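Heads up, the thing below is written out as structure tokens.
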Amino acid sequence: MSSRAPGGESSVFLAACRRAHHDDEVPVWFMRQAGRSLPEYRAVRAGIGMLDSCRRPDLVAEITLQPVRRYGVDAAIFYSDIMVPLAVAGVGVDIVAGTGPVIAQPVRTAADLERIRPLDPDDLGFVEEAARLIVAELGDTPLIGFAGAPFTLASYLVEGGPSRDYARTKALMVGRPELWHDLCRRLADVSAAFLAAQVAGGARAVQLFDSWAGALAVADYVRYVQPHSAAVLHRVRRLGVPAIHFGVGTGELLVPMAAAGADVIGVDWRVQLAEASARVGPSYAVQGNLDPALLGAPWPVLADRVTAVLRSGAESPGHVFNLGHGVPPDADPDVLGRIVELVHAEGAAIRREARLRRPAVAAPAGVAR
């Protein structure tokens, strides 16, 4: 039986984040569950630009709620874009179809930093309003707030848009460390303010996306990136909500990413969850990690992969089922619905089996069991 309760305070999702779901069903939600794969999303977004849609609280609420209604997932994810707080902070940015974020004036010098102004709560009133509208409709399903991590935001600002090798970003990072750290401190403030607005509106958990941190060597991550992600996560901890920390291709970074201060470590499909949990230790839950490329496989094959993820996740003290990255735009919504049903049907039994298989810990001599 699920441990859901009004307001999501005792939801199975939050229990898993806090490593306290024991034999409850495994919670499931999907990164990019609200978006291009849904026909209802394409209908309401018709003729409306991405950044414009993110500034309309009524539209943000409707899009956020669509996958909850369709799939019965255990958490909603706030519909927005990691570029939204940067646009509010004064950065000239456009979301170009087929390309992604394009920065009008890339950040290359100290003078460029002055275009990134600090945010205050009034700047993000539309974010808080949207979160309140969503929470009012969600009932017992918690809302997850989200933001881009400083490195991923910086990579877009320095490169001027998406990149394959992050060459300019890495060169600036190691060649002009003072400028780099100044940039990332500003971005940490922006991300923290964006998360705080969502929590003020009722979000009960947050996810920090460091989507492109996997391009870094461990030593560079620890020196140039981890302190700034830690600054964001430290401010989230003061808000009293659990935090998920996620990146793509970050198998070698899982330990320092965990040390930055999250409660849940998001894992992509390259590392099995049991291995990821062993690396970071028992103080963290894990999230993931079905390869989204497999969504087009025949159902029996895909169902076996879903079950394999559940079995691997059962070796961790807490598991939130998800994909290893976002829902692809061509994903079949019916397949995602079947995954939700399977996770809910099988997750609890698989966790119980895993618990029973673990050897009992012997009591110290002279201590009664």
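Entry remark, the range 113-124: residues being free of Cβ contacts under 8 Å to residues at least 24 places away in the same chain and either part of a helix (DSSP H, G or I) or surrounded by 14 or more Cβ atoms within 10 Å (Cβ to Cβ) (or both) number 1 in total. Is it the case that some residue within the range 69-78 is under 22 Å from the mean Cα position of the chain (by Cα), within 28 Å of GLY288 (Cβ to Cβ) and of a type in the set (Asp, Glu)? Yes, that holds for at least one residue. Those helices (runs of 4 or more DSSP H) of the range 39-85 in which 3 or more residues are buried (at least 23 other Cβ atoms within 10 Å of the Cβ) and of a type in the set (Val, Ile, Thr) occupy 57-71. Taking each residue of the range 46-70 that is free of Cβ contacts under 8 Å to residues at least 60 places away in the same chain and closer than 15 Å to TRP29 by Cβ and looking for partners that are part of a helix (DSSP H, G or I) and not acidic (Asp, Glu) with beta-carbon atoms closer than 7 Å, six or more apart or interchain, yields ILE63/TYR41; ILE63/VAL44; GLN66/TYR41. The lone criterion from (1) more than 23 Å from ALA61 (Cβ to Cβ); (2) modelled with pLDDT of 95 or more left unmet by LEU143 is number (1).
Can you name the residue in the range 137-154 that is assigned to a helix (DSSP H, G or I) and either touching a His at 6+ places or on another chain (Cβ under 9 Å) or without any contact (Cβ under 8 Å) to a residue 60 or more places away in the chain (or both) and is also farthest from LEU14 (Cα to Cα) among such residues? Restricting to residues being assigned to a helix (DSSP H, G or I) and either touching a His at 6+ places or on another chain (Cβ under 9 Å) or without any contact (Cβ under 8 Å) to a residue 60 or more places away in the chain (or both), the top hit is ALA154.
Considering the conditions (1) surrounded by 24 or more Cβ atoms within 10 Å (Cβ to Cβ); (2) over 15 Å from VAL84 (Cβ atoms), LEU157 is excluded by exactly one of them, (2).
For the residues VAL343, VAL327, VAL309, the requirement of being surrounded by 21 or more Cβ atoms within 10 Å (Cβ to Cβ), in contact with a Phe, Trp or Tyr (Cβ under 6 Å, 6 or more places away or on another chain) and either part of a helix (DSSP H, G or I) or acidic (Asp, Glu) (or both) singles out VAL343. Residues of the range 92-111 that are part of a helix (DSSP H, G or I) and either surrounded by fewer than 11 Cβ atoms within 10 Å (Cβ to Cβ) or free of Cβ contacts under 8 Å to residues at least 12 places away in the same chain (or both): ALA111 alone. Filtering SER163, SER191 for residues that are out of contact with any strand residue (DSSP E or B) (no Cβ under 8 Å at 6 or more places or on another chain), surrounded by 15 or more Cβ atoms within 10 Å (Cβ to Cβ) and polar (S, T, N, Q) leaves a single hit, SER163.
The values are calculated or read from the model by the stated rules, or taken from the named source; none is laboratory data. Given the structure is predicted, the values throughout are model-derived calculations rather than measurements. Positions of Cβ are generated from backbone atoms using ideal geometry, with glycine treated the same way; all protein chains shown enter the neighbour counts.
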